[in-house]
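Take a look at the structure set out below.
The values are calculated or read from the model by the stated rules, or taken from the named source; none is laboratory data. It should be emphasised that the depicted structure is a prediction, and the values quoted were computed from it without experimental measurement. In this analysis, Cβ positions are derived from the backbone assuming ideal geometry, glycine residues included, and neighbour counts consider all displayed protein chains. Please note that ligands, DNA and RNA were not included when accessible areas were found on the heavy atoms of the full protein model with its side chains. Shrake-Rupley method; radii C 1.70, N 1.55, O 1.52, S 1.80 Å.
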Amino acid sequence: MKAHGETSHLQLQNNCSADLNAFFKFIVDDSRDGWSFRDNQGAIQYTNKAFSKWLGVSRRTLMSGTKLEQLHISFNQNKSKIFKLESEVKVKRQEESIILPVISPSTLQRSLCRINLRYFQDGASKIEGVLWHCAEYEMVIMYPGKYESVKLTDADLKIKSPYDVCTLREWDLIWPLIMGYRREEVAKNLNVTPRHLGKVLTVVMEKFCAEDFNALLSKTLQLKLHKFIPATVSYIQER
């Protein structure tokens, strides 16, 4: 995991053992994933460079005793979900995870990220808390039926973003369908009727010059447009 970048000299706070310090420094310090360790009082004992970039704050701020709950950070709208999960990890002393559309720790672009929370205890220093691991997540497309790949045209290859073709609202409605969610489920969650959703789908297929949904699905997946996650999506249920 330590494959690039300059090794950080950031040290864990004094109550951490040398072994624990060495684990973080030589295993995860230069990882592209975000890593951090919060003790049972909520104080951050360690954070690597990717984690602080992911949150949008400096490591000095994180290590100064300021708690995540007090900061305006990249997962601000999902704080309650993550901290509730962290509390469950402390009680159950096991690993839990959640998938959220947030800033990626590796690319610093909005993407799907998996946040793994694991109970951690160091016998030498008697410190315990929760180890955070944040990494970009490649969501598996859960389209219920088989689809055939269609050949992309020169015009298709010029599309770099769904917003080159769709409006923001159109993509809000179409993205979940591309990801495999059922029409009734999407319509209910986004407060539209299935009929309206069908009309929007027809308009978008025309804009993509797609004969049917199979062609639309094939084009968007080949162009990797599913990576453009609408702002309306705040939580992903892994299936």
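Can you pull the percent of the stretch 19-127's accessible area that's carbon plus sulfur, 1.4 Å probe, other chains left in place? Each step should come with its number before you reach the end.
On the way: 2370 of 5030 Å².
So the carbon and sulfur contribution to the accessible surface is 47 percent.
Label-to-label distance, Thr193 versus Lys79, with points set 7 angstrom from Cα along the beta-carbon direction: 4.0 nm. The portion of the accessible surface of the stretch 168-209 made up by carbon and sulfur, rounded to a whole percent, is 55 (1.4 Å probe; DNA, RNA and ligands excluded). Too long at a 18 Å Cα-Cα cut-off: which of Lys151/Lys227; Lys160/Lys207; Lys151/Lys224; Lys90/Lys126? From Lys151/Lys227; Lys160/Lys207; Lys151/Lys224; Lys90/Lys126, over 18 Å: Lys151/Lys227.
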